[in-house]
1. Quickly rank 31-39, 400-408, 65-73 as a protection proxy: mean count of other C-beta atoms within 10 Å, highest first.
2. Quickly rank 449-455, 342-348, 79-85 as a protection proxy: mean count of other C-beta atoms within 10 Å, highest first.
3. If you add up the charges near residue 130, with Lys and Arg at +1 and Asp and Glu at -1, over every other residue whose beta carbon is less than 13 angstrom from its beta carbon, what do you get?
4. Considering amide H positions built from the backbone, and no H for Pro or chain starts, which residues 5 or more places from residue 446, or on another chain, come under 5 Å of its amide H?
5. Show me the ranking of peptides 305-314, 135-144, 382-391 by mean Cβ neighbours inside 10 Å, starting with the highest.
6. For the pair residue 383 and residue 71, how long in nm is the line joining their label points, each one 7 Å along Cα→Cβ?
7. Starting from the Cα-Cα distance between residue 449 and residue 3, subtract it from 0.36 nm times their residue separation and give me the gain in nm to one decimal.
8. For segment 385-464, what is the largest minus smallest coordinate of the Cα atoms on each principal axis, given in angstrom and ordered from greatest to least?
Amino acid sequence: MASASFDQTVKLWSVTKRIEIATLKGHKAGVNTVAFSPDGKMLASAASYADAAIVKPGEIKFWLVANKSEIGSLKGHPAMMKSIEFSPDGKLLASGGGDYLVPGEVKLWSVADQKEIASLVGHKGIVNAVTFSPDGLLLASADAGNLLEAGEIKFWSVKDKGVFATLKGHQFGVKTITFSSNGRVLVSGGSLLGELKFWSVTDKAVITSLPIHTDAVNTCILAPNGLTLFSASSDQSVKLWSIADNVELDSWEFNDWMHSVTFSADGQMLASVPMNFWGTNKVMLWSVTKKAPIGFLTHDGIVFAAAFSPDGRTLASAVSYTKGPDQLHLWSTESMKVVAKLEGHTGVVDSLVFSPDGQIVAVAAGISGNPGEITTWSVVDQTKIGTLIGHKDEINALAFSPDGKILASAGSAASNNILAGGEVKLWSVPNQALITTFDGYVGDANAVAFSPDGQVLATGDAAS
């Protein structure tokens, strides 16, 4: 993890160990924003002066994560920068900024040549956010508006370097934007009202608008039926919405912000993980049909991942930083009591998944920079089946084939080799042995999924 500070430094942190790895120095002004390249090997940081009375050019620096060294800098923004992002292939960097005295501006930079490619002008306020579409062909930018006009979103052609659409509809500034995974929808969040808007990228029009929160929206997840939406916010609330008629169905208040959520296979139950600065030791279960919380599952340590069994009767949760060994907890969703505490994996769990028949649960654990391991457990006997070893670094995702005979795992590139990419492995579940390895990825392999017939495996990496 990287953090930016007005003390003119960038810090790198180990999320698992919760310690500082390095402090990157070299900026001569406060650092506003940072962004990792898709393969995680490079970090970009943007610094600019915060004195409103004196407008000075901002500067972007490139850092090599492996040896924590500066490898270049970009100058050209006339004022402060608020957002930077790498393109999906890592070849371009987009930056957005502006000032109250300088119109908002978006710039495109060549990462390889470390030169400006284009300056995209037309925003009337400070550009708060920039983001590329998943295919890298489209760049979206959002601004804060000004005293006379509300913020707006612009679509730019990365190839032609021109604007082809401007989206208006927010009442105040636009704070955040993100594309859906298929690139067909853009979601934008308002800076003051906590409003969330869904835009059709094809039609350049609002699909729906939800004035949902009083603070930033951290997570939105659509129920499997596509009819309801859960939103989790920094205003310490979770809200349930009806997509069809755009109305709030229910709302719950908490003492912490909401971090992540996952649905049961039938869509009847939801598990959410609250989070604060120190982590969380609870998983909250919700009844989707009753639109009400069922209760908390309290753990001995910090919860990093949770998953439902296919029948929804069992919830598995991975716990680290306990007083003893790291554990996998199995819970009865009916009695809300822990059924078993299984010890055998080491490190923070990045992924856990049940087999299609619910008889086996696989857990991927490890520490960044060290080989990850997969532990398989019998849910019935509550005993360890085996340990699958072979990945060079963290394991990011797991998936069983529909017949449960094959387990696919997606892993990160070895941290000691900046030229290496991630890899996907297939394992025989009955034999607990490696079948084959797929490499050739540009970035870390982050996702795996089998087709319903089990004949095709889809994978995704950080640079795709």
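1. Details: 31-39: 21.4, 400-408: 18.2, 65-73: 13.8.
So the order, starting with the most tightly packed, is 31-39, 400-408, 65-73.
2. Working: 449-455: 11.7, 342-348: 19.3, 79-85: 23.0.
Result, highest mean Cβ count within 10 Å first: 79-85, 342-348, 449-455.
3. Surrounding charge for residue 130 is +1.
4. 460, 461, 462
5. Numbers: 305-314: 19.0, 135-144: 22.4, 382-391: 16.0.
The peptides rank, most packed first, as 135-144, 305-314, 382-391.
6. 5.0 nm
7. Working: separation 446, 0.36 × 446 = 160.56 nm, distance 3.21 nm.
Fully extending the segment from residue 449 to residue 3 adds 157.3 nm.
8. Over segment 385-464, Cα extents along the principal axes are 36, 26, 16 Å.
Where a number appears in this text, it was derived from the coordinates with a stated rule and is not lab data. Since this is a predicted model, take the numbers as computed values, not measurements. Heads up, the Cβs are rebuilt from the backbone with ideal geometry, glycines too, and the neighbour counts pull from every protein chain shown.
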